[in-house]
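Working notes, beginning with the structure itself.
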Amino acid sequence: MNNMFSKSAIWVVVVLLLLMLYKQFDSHGVTAGAKPIAYSDLLDEVKAKRIKDVVIEGVNITATRSDDTKVRATATGLDRGLVGDLRDNGVHFDVRPPEEQSFLQQIFVSWFPMLLLIGVWIFFMRQMQGGGKGGAFSFGKSKARMMDETNNTVTFADVAGCDEAKEEVNEIVDFLKDPSKFQKLGGRIPRGVLMVGPPGTGKTLLARAIAGEAKVPFFSISGSDFVEMFVGVGASRVRDMFENAKKHSPCIIFIDEIDAVGRHRGAGMGGGNDEREQTLNQLLVEMDGFEASSGVIVVAATNRADVLDKALLRPGRFDRQVSVGLPDIRGREQILNVHMRKVPIGTDVKADILARGTPGFSGADLANLVNEAALFAARRSKRLVDMIDFEDAKDKIFMGPERKSMVIREEERRNTAYHESGHAVVAKLLPKADPVHKVTIMPRGWALGLTWQLPEHDNISGYKDKMLEEISILFGGRIAEEIFVGQMSTGASNDFSRATKLARSMVTRFGMSDAMGVMVYEDSQNDGFFGGASKTISEATQQMVDAEIRSILDTQYKLARKLLEENRDKVEVMTKALMEWETIDADQINDIMAGLEPRAPKAGVTIRKHPPSDGGSGVSPSVTAPA
């Protein structure tokens, strides 16, 4: 508000000055209100005796006509012929010296343009520095946002799904509340805590909960806020941030995405001491220079701990790493219960069932699930969020939004139905494969059809037999097209890409090939200058690796084809069900695999009415098979 008021005041002053300048030049003298005419016209009017008096001021001539109207003209100098004409025609005239400029006019003429330019320059400099905070010399000021104990209401009760991480940081809360408890035994609390984990797992929320539990100020800043185009600005901001923190100790400094400034030194494109490295050096100095009783604890978060500089992780700086991973089934249930407190939930909603159906979801994903379910319920004008809303929200997040208005030819729909049936039937026939949860030919996102497999439990490790079965499932779509449609489409391109990548990882990274042994043939950590993996094997070995990958793919392709040829009837029945209902669930799939007539869709599931064919959409099926 104060900033807006100051800007308005500046413009008011400018307008007033311009008005004063205008009045100084235009609002006095005998020329006010006179109509300008040409000098020759003035001479003609004098000779025609239509002028009764004239005032001459230097080169400015003001005349009064017989009808008392005023006109003015400008001459290059005093014309003595005009004086003669005025005398000959009986015109009364007066010659005056040119009016001198006042002192105020002189100031405006000489200084006003310069003052205006200086004012505009200062205004834009203040705007570039964040709306005038700190003036034009605030480059080195810290951008950390402070949240005191009265504004931070987040506690450990708001953090769910990471009990081990909460236990790790709980002693930091105890230290901030009662430092003497640790100091009397000679113990020293960790000066820095690095939270490592995938995006959306609650690292920032956990840091805020530490400050909320301890009732201490909380400084929050992103790693990218330190780096500017001006050299030395980042280091200056680091110094300023730590100085402010020491004034408010005990407190917590939270640096989000610290890998923006904490990467290995010497890894820049130029290899020199660039701005990011200067910022990192200053951060190392500040953390190492902490007094034992300073009461300032640095908490940082990243999902790329492998790229951080080793000096940043040594004891005395970030000497404790807290892993904040994806929640397990129990953690997902706890997180869902936290977010469900904010929306009206129906009686049929079970958090444990939703937790089993959302493997791999982070805390942010689960918060988004609850929000999407609430939006579905609002669109349906419901007062409570029911289980069907959560199921639709889960389908949208996993498979993408439905494209109900998309017009697809009947031939394309049938080809997509065979493709998805091939994936599903192969997945149901293989013993280690995850259960098929849902199959659809409803266009979702970029895909025209999807086969969704839902694991019964969280998969912590990958196993060879299961990986081989996943490759066979990926081939099921193309093989079904070959057997039942008699042609190939581009819809299997993503399937082939994923199958090849999985087989390559088995051979080069996981040691799952008898022919190649347990040696690692791919160095994914040692990136080249332009980001590509460096070459660590010979040409001959590379040919052996390619041959082994091809052998794995060919073997699994033959297995999938054998299964589909032996179960043609099941593929036909599933394709017919997909053509009729577009989406079938696990119950209907189990009926088909058992040789039974598939049951009708569940109550509440809507079936789309197909628009008339327009000759084709020209889009080939793009299938994402196993989840």
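Within the range 414-468, the chymotrypsin sites (Phe, Trp or Tyr not before Pro) that combine a DSSP coil assignment with at most 14 other C-beta atoms in a 10 angstrom radius are 446, 463. Principal axis extents of the C-alpha atoms in the range 402-490 (largest first, rounded to whole Å): 41, 29, 18. When all protein chains stay in place and ligands, DNA and RNA are ignored, the 1.4 Å accessible-area order of 551, 513, 220, largest first, is 551, 220, 513.
Note on residue 75 and residue 59: the model spin-label points, each 7 Å out from Cα along the C-beta direction, lie 1.3 nm apart. Summary value for the range 407-497: 32 percent relative contact order, contacts being C-alpha pairs under 8 angstrom separated by 6+ residues.
The values are calculated or read from the model by the stated rules, or taken from the named source; none is laboratory data. Keep in mind that this is a model prediction, so the values were computed, not measured. Note: ideal-geometry Cβ built from the backbone for every residue, glycine included; neighbour counts use all protein chains shown. Side chains are part of the model used for accessible areas, which takes the heavy atoms of the whole protein and leaves out ligands, DNA and RNA. Shrake-Rupley method; radii C 1.70, N 1.55, O 1.52, S 1.80 Å.
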